[in-house]
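Asker: Sharing a structure below in structure tokens format, with a few things to ask.
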Amino acid sequence: MPSIDHHGARIYYEEFGQGFPILTFAPAGLRSTISVWGQPMAPINPIAEWAGDYRVIAMDQRNAGGQSRAPITANDGWDDYTADHIAVLDHLRIDRCHLYGQCIGGSFIANMLKHHPERVQSAVMAQPIGRVGPMPAQPSGNFTGWVETLNDHPEATAAVLEAFNQNLYAPGFVYSADRDFVRTIKAPCLVLAGNDEAHPFPISEEVARLVPSCEFVKEWKTEPALTAAKATVKAFLAKHTPR
């Protein structure tokens, strides 16, 4: 099975189709795995939609309940996930690719653009996570649900997990990047709006407004808007694919 080892982490990935590469980040928060792309929470399945024209790479995020695993420490944060993503691209000898991420994938994309903009041809953020207002006193249900799935991680003590939660979510906005950075993004972007507490519409709207070169789709998760949104994403990717 295709996997890579780097810095103590083992990361599992799969490839579908041929052509210009698209690296994808599935929804479901910290339980982001390849299998989620086939679930109803992912209205646009990039494997099904684009493997006929592109090289689609999907991956299990570390410790998400799939086949990727890494130690958990109090210093972990967005940069560790980005290191996994770059390790996959390096292993596959991909210098530059499109990014498509839903939910937590929006924060993965923002952090990739922050640290490795040279690797990103364009980016699509579908209902990016974010927060309006202060951080709640208690971890989110998604985080506590993820904690309950952890198996054989004796290093993941309550203190370590509290630090990890703070590292990820304390900053607010889109968590992995602030507004000053988002204003500087040079890659073409497309945002498909969120519409609930974990994926607030105001966050999607603000990201689309701040990114200098960004398209914005307000409705996309159900028909008839879904068919139109799929066409918009397909055209966006085609427009920004090198000839």
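Asker: May I ask you to evaluate 6.51 cos²θ - 1.76 cosθ + 1.60, the Karplus curve with θ = phi - 60°, for each residue of segment 216-225 and list the ³J(HN,Hα) values in order in whole Hz, giving x for glycine and proline?
Answerer: 9, 10, 7, 10, 7, 7, 9, 6, x, 5
Asker: Could you please state how large a percent of the accessible area of segment 44-134 is carbon and sulfur, counting protein chains only and using a 1.4 Å probe? Kindly include the intermediate steps, with their values, before the conclusion.
Answerer: Values: 1400 of 2950 Å².
Taking all protein chains in place, segment 44-134 shows 47 percent carbon and sulfur surface.
Asker: Follow-up. Sort by residue number and name the cysteines in the chain that have no neighbouring cysteine Cβ under 4.7 Å.
Answerer: Cys97, Cys103
Asker: So, counting K/R as plus one and D/E as minus one, what does the shell of residues with Cβ under 10 Å around Asn195 add up to?
Answerer: -1
Asker: Express the accessible area of segment 90-243 per residue in Å², computed with a 1.4 Å probe while the remaining protein chains stay in the model.
Answerer: About 48 Å² of surface per residue is accessible.
Asker: Continuing with the same structure: For segment 114-124, what does the Karplus curve 6.51 cos²θ - 1.76 cosθ + 1.60, with θ = phi - 60°, yield as ³J(HN,Hα) per residue in whole Hz, taken in order and with x for Gly and Pro?
Answerer: For segment 114-124, the Karplus-derived couplings read 5, 9, 9, x, 5, 8, 10, 7, 7, 9, 10 Hz, x marking Gly and Pro.
Asker: Using the Cα centre of the chain as the reference point, and only Cβ charges (+1 on K/R, -1 on D/E), how large is the resulting charge dipole? Debye, rounded to the nearest 20.
Answerer: Approximately 760 debye in magnitude.
Asker: Taking H placed 1.01 Å from N in the peptide plane, check which residues at least 5 places from Glu215 or on another chain put their amide H under 5 Å from its amide H.
Answerer: Cys189, Leu190, Val191
Asker: With the dipole of segment 193-243 worked out from charges on the C-beta (+1 for Lys and Arg, -1 for Asp and Glu) around the Cα centre, which of Leu237, Phe216, Ile203 lies farthest toward the positive end?
Answerer: Leu237
Asker: With a 10 Å cut-off between alpha carbons and a GNM built on the chain, which of Pro40, Pro188, Pro200 moves the most?
Answerer: Pro40
Asker: Something else now. DSSP beta bridges in the chain, what fraction antiparallel, as a percent rounded to 5?
Answerer: 30
The values are calculated or read from the model by the stated rules, or taken from the named source; none is laboratory data. Quantities reported herein were computed from a predicted structural model and do not represent experimental measurements. Cβ sites come from the backbone with ideal geometry, for glycine too, and all protein chains shown count toward neighbours. Heads up: the accessible areas ignore ligands, DNA and RNA and are worked out on the full protein's heavy atoms, side chains in. Shrake-Rupley method; radii C 1.70, N 1.55, O 1.52, S 1.80 Å.
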